[in-house]
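The values are calculated or read from the model by the stated rules, or taken from the named source; none is laboratory data. These numbers come from a predicted model, not from an experiment. Backbone-built Cβ (ideal geometry, glycine too); neighbour counts: all protein chains shown.
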Amino acid sequence: MMENREDLELNDRLQLIESMIAEGRRTTEKWAWTFVLWGVAYYIAIAWSIWGNATLAWPVTMIASGVVTGVVAGRIKSNKAKTTAGRAIGSVWMAMGITMFALLMSLSLSGRYDLHVFVAIIGAMLGMANGISSMILRWKMQFACAGVWTATAVAACFTTDNQVSVIFLGAIFFCQIVFGIYGMIAESRRHGRSAAHA
């Protein structure tokens, strides 16, 4: 009798964990537009720094993207209570963004900017943030993004300027644009199914 009760409690806990993971994925899908936004912002900053003012390109583009993210995020209403996993993932991304901005801005202003160091920092930090999120959510697609970003960080240490540029542009495309669109499509399909059942 006691074993059955313990089995039921264990089963209930496992179902709770699985539902929390599923909710975390749904929340990430809801925020997939930010991956696309920041991917496009990286491309704009890269183009601007090549064909325009390299000193202003990254700070202005990143600040503008942060403002757009904040404004749109402020307009998104959610009737659901925030989960611990959701808060944890949001905190990781917020801390990563602030740290990366402060570090890269300081390198740029100090004149110690180097393409290889820049890509290594971005790759490592995005690899870490995607890795943490994917482990919490048990999401293979995001784990693949973590692997691509980490490989990009490592490659930045051993490749030529042209090679690191191509690798970085490819990582942005697959890990920001493609992953973001994938998440947006998944959210759209989920909304389509929920609307069909309503």
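From the list Gly39, Gly86, the one residue that fits, being modelled with pLDDT under 90, part of a helix (DSSP H, G or I) and not aromatic (Phe, Trp, Tyr), is Gly86. Suppose we filter Phe168, Phe158 for residues that are crowded, with 18+ Cβ neighbours inside 10 Å and either over 18 Å from the mean Cα position of the chain (by Cα) or under 16 Å from Ala45 (Cβ atoms) (or both); which single one remains? Only one candidate qualifies: Phe168.
Of all residues in segment 89-112, those being modelled with pLDDT under 75 and under 21 Å from Tyr42 (Cβ atoms) number 0. Here segment 42-83 is the region considered, the condition is being outside any helix (DSSP H, G or I) and of a type in the set (S, T, N, Q), and the residue that is surrounded by the fewest Cβ atoms within 10 Å (Cβ to Cβ) is Asn79. Looking only at segment 34-74, residues that are of a type in the set (S, T, N, Q) and more than 16 Å from the chain's Cα centre (by Cα) come to 4 in all.
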